[in-house]
1. Taking region 3-17 as the search range and keeping residues that are assigned to a loop (DSSP other than H, G, I, E, B) and surrounded by 19 or more Cβ atoms within 10 Å (Cβ to Cβ), which one is nearest to ligand 2 (Cβ to nearest atom)?
2. Check HIS76 against each of (1) more than 16 Å from GLU131 (Cα to Cα); (2) within 16 Å of ligand 2 (Cβ to nearest atom) and name the one condition it does not meet.
3. Tell me which residues, restricted to region 46-89, are under 30 Å from ALA146 (Cα atoms) and among the aliphatic types (A, V, I, L, M).
4. Search region 18-49 for residues being of a type in the set (Asp, Glu) and modelled with pLDDT of 95 or more, and hand back the single one that is surrounded by the most Cβ atoms within 10 Å (Cβ to Cβ).
5. Quick one: which helices (runs of 4 or more DSSP H) sit completely within region 50-151 and have at least 1 residues that are surrounded by fewer than 13 Cβ atoms within 10 Å (Cβ to Cβ) and within 20 Å of the chain's Cα centre (by Cα)?
Amino acid sequence: MPIQWRDKMSVGSRVLDEDHKRLIDILNTFEQMTRNGASFEALDQIFQELADYTRDHFAREERIQQEINYPLRQTHQEQHRAMVAWLLKAYKTYKARRQAAEARGVSSDHDCYEELLSILNTWLTRHILQEDMKLKPHLQRHLEAAAMSDV
Ligand SMILES: [Fe+2]
Ligand SMILES: [Fe+2]
């Protein structure tokens, strides 16, 4: 099931919201491609885009956390690191699953990636709504303080 961006996902930063929307877009494209029987090469490419963008986004988010001295940044960074490690390992596992299925003459590639996509979709939605969302009040305080100092 594709993920839909909702206003309640906003963490109060335009940059991070745009990043999250882009991540959702890439994941939805990935899902669409598995349904359309995309080649291994095409899936490798979209997965690479997902992995690269995930890393870029995590780096941006962590830099903001650093700037505003976010108290939970250590735990948050650990969650990001664990996710990147899992993502790279999991993709290889599911790709091997599809290769094995195709070797048996089964070409239903979406079934091979369904579990991976479901885990990724759940992880991303939950991470934004539960973990990134904890940033919101800290970001708001920081932005208010910055606005005050301009006066
Ligand atoms: Fe995060
Ligand atoms: Fe995030």
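1. VAL11
2. Among (1) more than 16 Å from GLU131 (Cα to Cα); (2) within 16 Å of ligand 2 (Cβ to nearest atom), the lone unmet condition for HIS76 is (1).
3. The answer is ALA59, ILE64, ILE68, LEU72.
4. Result: ASP19.
5. 73-103, 109-126
The values are calculated or read from the model by the stated rules, or taken from the named source; none is laboratory data. Here the structure is a predicted model, which means the values were calculated and not measured. Quick reminder, even Gly has a Cβ in these numbers, built from the backbone with ideal geometry, and neighbours come from all protein chains shown.
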